[in-house]
Amino acid sequence: MNSPVLDRFLRYVRYDTQSDERSTTSPSTPGQLVFQRDLVAELRTLGLDEVSLDEHGYVMATVPATTSKTSVPSIGFIAHVDTSPEMSGANVKPIVHERYDGRDLVLPDDPSAILRLADIPALADQVGHDIVTASGTTLLGADDKAGVAEIVTAAAYLAAHPEIAHGRIRLAFTPDEEIGRGANHFDVERFGCRGAYTLDGGSRGEVEGESFSADAMTLVFHGFNTHPGYGKGRMINAIKLAADFVHRLPSEMSPEATEGYEGFVHPYMQQSGVDRTSIRLIVRDFRTEALAEKEAFIVRLARETEARFPGARVEVAVEEQYRNMRTVLDGHPEMIERAHEAVQRCGLDVVTKPIRGGTDGSRLSFMGLPTPNLFAGEHNFHSRLEWASRQDMEKAVDVIVALCRVWEERTPL
């Protein structure tokens, strides 16, 4: 099996690059920096220009223009190197299941980890493909090392084929996207592009121009701890406060019960103690104004909990994370139109749907770099059942190359 993008992907996923939102450094974990340094060395070996790694852990590089036209705008391709902190990314053992035949895929390191066609409809389109999974105890890291591998492979192809006319192409690989910091130190001016594309999506053919708007909330429940043998009338258990609050969150507002354009409220992290218990929640909606509605509801529930436990106290903090990229991209229709054309040139049907999440592009668009998202072949994100298709990754490489051609061809002399 000769597949440069697969070879890179299998190599990249072995790096442990989980991000950590408790960290105050950039990147938040040293493993990301190890990978970024090796990536810099690889990009230089490919002969790319302006290869750099800055003090915050951002890699940038350039594929020089080959067109004779002087007005072709620079465009960029972006992927993040970190993986989700919600599932172990250490000692990933990727497995290639060649020529998938539709049967269940049992992962060897934990036989209870099974990819079932009945549970994963997207597998129905993958019969005959080579499916990559982890071994059952870790995530795979396709989110977003599939995107990294695809961008590097496309850059290598363009560098080896200067006869393909294209403008200046910029690459960027960011840290800490999974914890909402991927754009914190991104130097848009130095990147120097008219627009960019993240490679951080799912099924082949997807072009995404709208995302959730997102905030994070931290609720700190303050109780009072004392010896439990003498706690009557004195102890206020903050763990029970938090449990009361979470119990009263409506089930219909949860990720488990929402789809399409429906938003949600999701408690995802808790640090517990009798005296003090904190809960982290994420709040998501496609309508930015609906975030405030959900947050007001959460505050009301927290105050009701506070009132049910005399002497208790609740602190609430809200942190803006990102906003729906459609607000910006509607003013740059060419970004989406040219992506559609590139996808179609590669023999694929365009799939348009909202991202039930965010990408670096969600923030970069508001920073002056309009950045829709393209498919990378990632599935079952943040899970030990994560998987990707070799053929879909190869198609993503084709789309990147085609998109570079489209931008050159659509620029007048």
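So for the range 232-240 (the condition being part of a strand (DSSP E or B) and either in contact with a Ser or Thr (Cβ under 9 Å, 6 or more places away or on another chain) or not charged (D, E, K, R) (or both)), does at least one residue qualify? I'd like the intermediate steps shown before the answer.
Here is the first cut: in the range 232-240, the ones part of a strand (DSSP E or B) are 236.
Retained after the next criterion (residues that are either in contact with a Ser or Thr (Cβ under 9 Å, 6 or more places away or on another chain) or not charged (D, E, K, R) (or both)): 236.
Yes, some residue in the range 232-240 is part of a strand (DSSP E or B) and either in contact with a Ser or Thr (Cβ under 9 Å, 6 or more places away or on another chain) or not charged (D, E, K, R) (or both).
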For this session: Return only the number of the condition from (1) touching a Pro at 6+ places or on another chain (Cβ under 8 Å); (2) over 23 Å from His166 (Cα atoms) that His332 does not satisfy.
Result: (2)
For this session: Considering (1) outside any loop (DSSP other than H, G, I, E, B); (2) open to solvent by 20 Å² or more (accessible area, probe 1.4 Å); (3) within 26 Å of Ser84 (Cα to Cα); (4) not charged (D, E, K, R), say which one Val265 fails and leave the rest.
Result: (2)
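So which residues in the range 277-298 are aliphatic (A, V, I, L, M), part of a strand (DSSP E or B) and touching a Leu at 6+ places or on another chain (Cβ under 9 Å), if there are any at all? Let's see the steps before the verdict.
Of the residues in the range 277-298, the ones aliphatic (A, V, I, L, M) are 279, 281-283, 290-292, 296, 298.
Next, from what is left, pick out any that are part of a strand (DSSP E or B): 279, 281-283.
Ile279, Leu281, Val283 - these are the residues of the range 277-298 that are aliphatic (A, V, I, L, M), part of a strand (DSSP E or B) and touching a Leu at 6+ places or on another chain (Cβ under 9 Å).
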For this session: Provide a single number: the residues in the range 197-231 that are open to solvent by 20 Å² or more (accessible area, probe 1.4 Å), hydroxyl-bearing (Ser, Thr, Tyr) and either over 30 Å from Glu341 (Cβ atoms) or outside any loop (DSSP other than H, G, I, E, B) (or both).
Result: 3
Seminar exercise, completed: (1) at pLDDT below 95; (2) among the small types (Gly, Ala, Ser); (3) in contact with a Leu (Cβ under 6 Å, 6 or more places away or on another chain) all hold for Ala159 apart from (1)
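Conditions tested, residue by residue: (1) over 19 Å from the mean Cα position of the chain (by Cα); (2) under 30 Å from Ala402 (Cβ atoms); (3) at pLDDT 95 or above.
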{"position": "Ile279", "(1), (2), (3)": "yes, no, yes"}
{"position": "Ala290", "(1), (2), (3)": "yes, no, yes"}
{"position": "Lys294", "(1), (2), (3)": "yes, no, yes"}
{"position": "Phe297", "(1), (2), (3)": "yes, no, yes"}
{"position": "Arg313", "(1), (2), (3)": "yes, no, yes"}
{"position": "Val316", "(1), (2), (3)": "yes, no, yes"}
{"position": "Arg326", "(1), (2), (3)": "no, yes, yes"}
{"position": "Met335", "(1), (2), (3)": "yes, yes, yes"}
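Taking the range 9-46 as the search range and keeping residues that are assigned to a loop (DSSP other than H, G, I, E, B) and among the small types (Gly, Ala, Ser), which one is surrounded by the most Cβ atoms within 10 Å (Cβ to Cβ)?
Here is the first cut: in the range 9-46, the ones assigned to a loop (DSSP other than H, G, I, E, B) are 13-17, 19-29, 46.
This time we only want the ones that are among the small types (Gly, Ala, Ser), so: 19, 23, 26, 28.
On the way: Ser19: 25, Ser23: 15, Ser26: 17, Ser28: 22.
Within the range 9-46, the match that is surrounded by the most Cβ atoms within 10 Å (Cβ to Cβ) is Ser19.
Scan Pro64, Pro94 and give me the residue that is open to solvent by less than 80 Å² (accessible area, probe 1.4 Å) and over 23 Å from Arg390 (Cβ atoms). Show your work before the answer.
Numbers: Pro94 fails: over 23 Å from Arg390 (Cβ atoms).
Matching residue, one of Pro64, Pro94: Pro64.
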Exercise. Any residue in the range 306-321 that is aromatic (Phe, Trp, Tyr), in contact (Cβ under 8 Å) with a residue 40 or more places away in the chain and within 30 Å of Pro121 (Cβ to Cβ)?
Worked result: no
Problem set entry | Criterion violated by Leu301 - all others in (1) open to solvent by 50 Å² or more (accessible area, probe 1.4 Å); (2) in a helix (DSSP H, G or I); (3) more than 30 Å from Glu208 (Cα to Cα); (4) of a type outside the set (Lys, Arg) satisfied | (1)
Exercise. Condition test on Ala159, is it aliphatic (A, V, I, L, M), buried (at least 21 other Cβ atoms within 10 Å of the Cβ) and outside any loop (DSSP other than H, G, I, E, B)?
Worked result: no
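Give the range 241-261 a look and list any residue that's in a helix (DSSP H, G or I) and farther than 15 Å from Leu301 by Cα, or say none. Step through it out loud before you land on a result.
Applying the first criterion (in a helix (DSSP H, G or I)) to the range 241-261 yields 241-247, 251-253, 255-257.
If the condition is that a residue be in a helix (DSSP H, G or I) and farther than 15 Å from Leu301 by Cα, then Glu252, Pro255, Glu256, Ala257 are the ones that fit.
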Exercise. Filtering the range 172-192 down to residues that are closer than 14 Å to Leu369 by Cβ and β-branched (Val, Ile, Thr), which residue is surrounded by the most Cβ atoms within 10 Å (Cβ to Cβ)?
Worked result: Thr174
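Aliphatic (A, V, I, L, M), open to solvent by less than 20 Å² (accessible area, probe 1.4 Å) and more than 24 Å from Arg338 (Cα to Cα): does that describe Val152?
Numbers: aliphatic (A, V, I, L, M): yes; open to solvent by less than 20 Å² (accessible area, probe 1.4 Å): yes; more than 24 Å from Arg338 (Cα to Cα): no.
The answer is no for Val152.
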Exercise. Which condition does Gly180 not pass, out of (1) modelled with pLDDT under 95; (2) on the phi < 0 side of the Ramachandran plot, if it passes all the others?
Worked result: (2)
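Working carefully through the options Ala79, Ala90, Ala118, find the one that is at pLDDT below 95 and hydrophobic (A, V, I, L, M, F, W, C).
Just one listed residue meets the conditions, Ala118.
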For this session: Scan the range 268-297 for residues that are open to solvent by 60 Å² or more (accessible area, probe 1.4 Å), of a type outside the set (A, V, I, L, M) and in contact with a strand residue (DSSP E or B) (Cβ under 7 Å, 6 or more places away or on another chain) and report the count.
Result: 5
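The values are calculated or read from the model by the stated rules, or taken from the named source; none is laboratory data. These numbers come from a predicted model, not from an experiment. Every residue, glycine as well, gets a Cβ built from its backbone with ideal geometry; the counts of neighbours run over all protein chains shown. Calculation scope for accessible area: heavy atoms of the full protein, side chains included, ligands and nucleic acids excluded. Shrake-Rupley method; radii C 1.70, N 1.55, O 1.52, S 1.80 Å.
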